[in-house]
């Protein structure tokens, strides 16, 4: 699969985000069920992206718009163990556009912790 897309701006409500802005990889801090959301914006072209866990694709989608700048969202809910790596990769062409009205984003939330520590 292709290159990892690195999202360099982090907005986190906790001190334990697990996301590395230099590599574009999220490392699960605790075992549990997580939901990940990827928003991609294209400019009169298309983007094929994949959400991966430890290098294996779990979600792959192509977003295309021939005339306008459009954004598309994909989500996946997955169980993770501590240290599992999640990232977004280009799985083909990735002509993404970012401007004041269109942002490419990658977010994750822990829905349910299996560790029993209350997180």
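The values are calculated or read from the model by the stated rules, or taken from the named source; none is laboratory data. As the structure is a computational prediction, the values presented were derived from the model and not from experiment. Cβ: placed from backbone, ideal geometry, glycine included. Neighbour counts: every protein chain shown.
Worth a mention:
- For the stretch 61-89, filtered to residues that are closer than 20 Å to residue 23 by Cα and surrounded by fewer than 18 Cβ atoms within 10 Å (Cβ to Cβ), the residue that is nearest to the chain's Cα centre (by Cα) is 85.
- Residue check for residue 82: more than 16 Å from residue 107 (Cβ to Cβ), modelled with pLDDT of 90 or more and not in a strand (DSSP E or B): yes
- The residues of the stretch 40-60 that are surrounded by fewer than 17 Cβ atoms within 10 Å (Cβ to Cβ) and under 15 Å from the mean Cα position of the chain (by Cα), listed by number, are 54, 55, 56, 57, 58, 60.
- Residue count for the stretch 47-87, restricted to those that are in contact (Cβ under 8 Å) with a residue 40 or more places away in the chain and on the phi < 0 side of the Ramachandran plot: 18
- Complete set of residues in the stretch 24-64 that are touching a strand residue (DSSP E or B) at 6+ places or on another chain (Cβ under 7 Å) and not in a strand (DSSP E or B): 24, 28, 30, 31, 54
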